[in-house]
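Quick notes on the structure that follows.
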Amino acid sequence: MSVIVNTPSPPYYAVIFTSLRTDGDHGYAEMADKMVALAAVQPGFLGIESAREDLGITVSYWTDLESIKRWKSNADHLVTQQLGHEKWYSSFKTRIAKVERDYGI
């Protein structure tokens, strides 16, 4: 992703996923694209921003906590999470934050 998401006026929520990858792709890029497309059609989804060097950071934006819970329990997403644990990530952390203020140009 190389676009800054145009989010609505706060409040809304951010899911911040920080990760270190294992060596090799192992189908990661294709699955990541599928997950972005699937997330985009979920109720409450506002957008996603992602960057990767050695450390990867993906931030998805959501209208409310209930939307985040539904996404976390989505059947296809659950399978992808398991694959991430098994073969794509050597380490990761997920944080959920309420955005109370934003600004920019």
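Observations on the model:
- C-alpha long axis of helix 28-40 to longest principal axis of the chain, angle in °: 30 degrees
- Reported to the nearest whole Å, the Cα centre-to-centre distance from region 31-48 to region 80-105 is 13.
- Theoretical gain in end-to-end length, residue 93 to residue 70 [0.36 nm per residue, Cα-Cα removed]: 6.4 nm
- Cβ-to-Cβ counts within 10 Å put 89, 103 in ascending order as 103, 89, the fewest first.
- For region 77-82, Karplus couplings with θ = phi - 60° (6.51, -1.76, 1.60), whole Hz, Gly/Pro x: 5, 4, 4, 5, 4, 5
- Rg over Rh [alpha-carbon atoms, Kirkwood Rh] for region 48-105: 1.00
- In order through region 59-64: 3J(HN,Hα) via Karplus (6.51 cos²θ - 1.76 cosθ + 1.60), integer Hz, x for Gly, Pro: 10, 10, 10, 9, 6, 7
Throughout, read-outs are computed from the coordinates displayed, never taken from laboratory work. What you see is a predicted model, and the numbers here were worked out from it, not measured in a lab. Because the Cβ atoms are built from the backbone with ideal geometry, glycine has one as well, and the counts that use them run over all protein chains shown.
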